[in-house]
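Taking it in order: structure first as structure tokens, then the write-up.
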Amino acid sequence: MEDTNLNSDTAVSNNDVSAFALERQDNGIALLKIDVIDETMNVLKAAFINDISDVLKEIKADSSIKGLVVYSGKDNSFVAGADITMLDQCETAEQAVEIASSGQMIFNQIEQLNIPVVAAINGPCLGGGLELAMACHMRVCSDSNKTVLGLPEVQLGLLPGSGGTQRLPKLVGLQKSLDMMLTGKQLRPKQALKAGLISDVVPLSVLIDVATKMALAGKKKVKRKVGFVEKALESNSFGRKIVFDQATKTVLSKTKGNYPAPLKIIDSIRVGFEKGTARGLAAEAKHFGDLVQTPVSQQLRNLFFATTEMKKEMGVAGVEAAKVNKIGVLGGGLMGGGIAYVSSNNAKVPVRIKDINHDGISNALKYSFDILNKKVKRRFMQKCEMQKQMNTITGTTDYSGFKNVDMIIEAVFEDLALKQNMVADVEANCKDGVIFASNTSSLPIGQIAAKAAKPENVIGLHYFSPVDKMPLAEIIAHETTSDQTISTTVAFAKRQGKTPIVVKDKAGFYVNRILAPYVNEAASILLSGEPIEKIDKAFVKFGFPVGPIQLLDEVGIDIGAKISPILEAELGERFKAPEAFNKLIDDNRKGRKTKKGFYLYTGKKKGGKQVDESVYSLLNVTPASKLSENEITERCVFLLINEAVRCLDEGIIRNPRDGDIGSIFGIGFPPFLGGPFRYLDSLGAEHVIARLTEYQNKYGEHFKPCEALVAMAENKVTCY
């Protein structure tokens with residue numbers, strides 16, 4: 001944002017390297033610019049305390065300043081949050097409490113200024129940035145689609161520590177503030193305006209002008225509409241108790257007690273309401289300090305740093321990606337439709353879909369239409385915008401319109417001959433040098449490229465279902481895939497909104513390879529008589545979003561049946577799936593997609609909520625609970641860890657970080673445990689080997705600890 005609205009005769013803070021510059025205007029309104037040096041986005045640091053204290057002293061001492069506008073010197077963010085790295089330097093909870101208390105002190109000083117203070121917000125206003133904005137007396141936002149407001153600290157296992165738990169409820173109400181803080185939900189400008197968080201939404205070109213006029217007009221409280229039910233609940237202690245109790249119940253139901261931050265958020269708000277803001281701030285700072293030191297927050301912060309690092313990486317270091325201006329998608333099923341959507345909506349490129357019939361094309365188009373139509377109904381986008389985007393996706397039953405595509409993403413059935421034919425067709429009908437990216441979930445890419453005229457252009461690009469929601473993409477390069485093909489595919493996956501990991505070309509790649517023994521063992525436990533509901537509940541309690549049996553229903557039992565023989569043939573006996581599962585396929589039990597699987601999808605409790613008891617007789621199983629929840633989860637999770645270590649040893653993944661990201665984003669490994677490699681480090685290789693050996697003696701050779709894991713224990717090395 002350029003300072004086009006500033007008087008040339010302004011006085012600038014005498015600290016040239018400060019992130020804060022105070023600039024006076026003739027009209028009596030001073031502008032406080034935030035521009036953090038050497039950062040792409042503004043972030044708040046503990047080191048800024050002295051700088052901003054000095055600026056506030058200067059403001060208080062100058063009677064000519066009649067109002068203050070706080071804005072960003074960067075065009076891409078107001079303040080994107082606090083610098084998380086400073087928390088890793090805290091050796092004690094008390095040090096983290098001091099950071100929170102310092103932030104509270106500064107924001108209290110801003111709030112207590114006797115002149116109007118307006119936050120002019122453009123771009124992300126998150127975490128400490130929103131806490132700063134809420135300490136101002138008024139807030140105005142640009143209508144940019146980059147502008148969002150929220151307190152996402154819970155996603156790092158933390159709470160807003162600089163007054164957020166006390167100020168947000170006063171602005172948007174108790175229930176809305178709980179919803180925002182307990183989920184990390186971000187509001188668009190119009191949503192923030194409706195909620196009462198901001199005073200106005202204006203074009204960026206007049207943002208500073210409007211903020212200046214607001215400051216000149218004096219302090220005004222934002223008025224929001226309060227419904228009868230909200231008023232009845234929040235205006236008295238009995239009603240608030242109902243809200244807090246319900247929030248606590250919901251949190252425990254969702255987190256199973258694995259995440260402490262949400263309960264601390266509820267408590268901080270409760271103290272503020274019951275005992276006043278000063279006590280609420282003290283509780284907030286204390287809880288913040290305690291949370292910083294928890295293993296949960298440490299692992300979630302590790303995950304944050306890992307994903308941040310990965311955003312900066314290229315597919316192959318030093319090799320620039322080629323520009324992808326248009327893509328083609330082969331196959332109009334759920335995967336093809338999802339790929340088309342993220343390519344059009346996120347990557348902003350035209351998409352040409354090819355299917356063998358018009359029904360496939362219609363289904364793929366409907367995938368995008370349904371998602372966009374929901375946005376229109378919720379007023380996230382206008383109907384004309386939706387129509388414009390839908391026009392970027394077209395379909396065909398031949399290769400017309402494919403001459404100028406830069407990348408083809410294939411999403412047809414898991415059949416090697418079919419995929420090889422697709423490669424030949426693309427090479428015959430598309431321009432020279434087009435990238436052929438296969439969405440295969442298990443077939444080695446080298447085999448798909450075996451008959452290609454230009455195998456260097458063939459690569460794997462494996463998505464996870466549903467494509468529009470799952471963040472991971474596996475990029476699989478075979479031996480002769482060119483470096484530029486790798487870098488181009490990685491870059492395009494990022495444009496689609498994916499977090500890509502580059503993996504080696506071997507059956508199952510990484511995610512499905514570590515998932516197979518995990519699911520197979522859960523199936524064996526089921527066949528031994530453990531009830532389906534008990535198995536799945538044990539894993540949800542452990543921290544997975546769904547249990548392995550429900551996961552089979554969601555992914556498709558038939559998909560697992562196709563993958564297992566490929567893995568067994570390539571990698572050995574330990575990947576052999578229980579033969580009894582063939583009976584499920586014979587009975588057309590493919591899961592949710594056929595409304596027939598392990599769970600019921602019809603009747604009162606439809607949607608995978610109730611077990612289909614008839615599956616037990618089909619599998620010749622008499623359900624009887626015998627095993628502990630710990631043994632159920634440990635057997636499956638330790639097999640997953642064992643296979644992950646094998647993958648690292650074989651170079652399937654580049655490093656433990658990619659392995660952890662892949663498992664969390666690909667199959668929902670509990671984020672608070674950090675992924676299989678961080679979890680292994682926390683348990684110790686010796687402990688995992690001891691348990692695997694015990695299960696090996698009891699249940700078979702597939703539990704045998706791999707050589708790489710044994711070497712880790714012998715050499716006393718960790719993954720990180």
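The values are calculated or read from the model by the stated rules, or taken from the named source; none is laboratory data. Here the structure is a predicted model, which means the values were calculated and not measured. Note that we place each Cβ from the backbone using ideal geometry, even for glycine, and neighbour counts take in every protein chain shown.
Being under 28 Å from G666 (Cα atoms), in contact (Cβ under 8 Å) with a residue 60 or more places away in the chain and touching a strand residue (DSSP E or B) at 6+ places or on another chain (Cβ under 8 Å) is a condition met by no residue of region 446-458. Scanning region 434-455 for residues that are of a type in the set (G, A, S) and either surrounded by 21 or more Cβ atoms within 10 Å (Cβ to Cβ) or modelled with pLDDT under 95 (or both) gives A437, S438, S441, S442, A449. Pairing residues of region 410-439 that are closer than 19 Å to Y463 by Cβ and touching a residue at least 60 places away in the same chain (Cβ under 8 Å) with residues that are among the aliphatic types (A, V, I, L, M) and surrounded by fewer than 18 Cβ atoms within 10 Å (Cβ to Cβ), at Cβ distances under 8 Å and at least 6 apart in sequence or on separate chains, gives V412/L418.
Selection of helices (runs of 4 or more DSSP H) fully inside region 179-291 by the criterion of at least 2 residues being among the small types (G, A, S) and in contact with a Leu (Cβ under 8 Å, 6 or more places away or on another chain) returns 189-195, 237-255, 261-275.
To keep it simple, each residue is scored yes or no on (1) among the hydrophobic types (A, V, I, L, M, F, W, C); (2) in contact with a Leu (Cβ under 8 Å, 6 or more places away or on another chain); (3) free of Cβ contacts under 8 Å to residues at least 60 places away in the same chain.
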{"site": "I501", "(1), (2), (3)": "yes, yes, no"}
{"site": "E521", "(1), (2), (3)": "no, yes, no"}
{"site": "I525", "(1), (2), (3)": "yes, yes, no"}
{"site": "I535", "(1), (2), (3)": "yes, yes, no"}
{"site": "F539", "(1), (2), (3)": "yes, no, no"}
{"site": "I549", "(1), (2), (3)": "yes, yes, yes"}
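For region 380-419, the set of residues classified as surrounded by fewer than 16 Cβ atoms within 10 Å (Cβ to Cβ) and in a helix (DSSP H, G or I) consists of K383, C384, E385, Q387, K388, M390, L416, A417, L418, listed by residue number. Scan region 596-614 and give yes if some residue there is at pLDDT below 95, surrounded by 18 or more Cβ atoms within 10 Å (Cβ to Cβ), within 22 Å of S441 (Cα to Cα) and of a type in the set (S, T, Y), otherwise no. No - not one qualifying residue is present in region 596-614. Take E313 and tell me if it is out of contact with any helix residue (DSSP H, G or I) (no Cβ under 6 Å at 6 or more places or on another chain), farther than 20 Å from Q89 by Cβ and among the acidic types (D, E). So E313 passes the test.
Which residues, counting only those in region 334-354, are closer than 14 Å to G395 by Cβ and surrounded by fewer than 17 Cβ atoms within 10 Å (Cβ to Cβ)? Within region 334-354, none qualify. Would you confirm whether any residue within region 107-117 is within 33 Å of the chain's Cα centre (by Cα), at pLDDT 95 or above and over 19 Å from V140 (Cα atoms)? Checked against the condition, which is being within 33 Å of the chain's Cα centre (by Cα), at pLDDT 95 or above and over 19 Å from V140 (Cα atoms), region 107-117 yields at least one hit.
The set of residues in region 611-654 that are touching a Cys at 6+ places or on another chain (Cβ under 9 Å) and farther than 17 Å from Y695 by Cβ comprises L648, D649, I653.
Output the residues belonging to region 647-664 that are touching a Leu at 6+ places or on another chain (Cβ under 8 Å) and surrounded by fewer than 23 Cβ atoms within 10 Å (Cβ to Cβ).
N655, P656, listed by residue number.
Scanning region 574-630 for residues that are among the polar types (S, T, N, Q), farther than 22 Å from F542 by Cβ and touching a Leu at 6+ places or on another chain (Cβ under 6 Å) gives no hits.
The helices (runs of 4 or more DSSP H) found entirely in region 647-716 that carry 3 or more residues being free of Cβ contacts under 8 Å to residues at least 60 places away in the same chain are 676-683, 685-699, 707-715.
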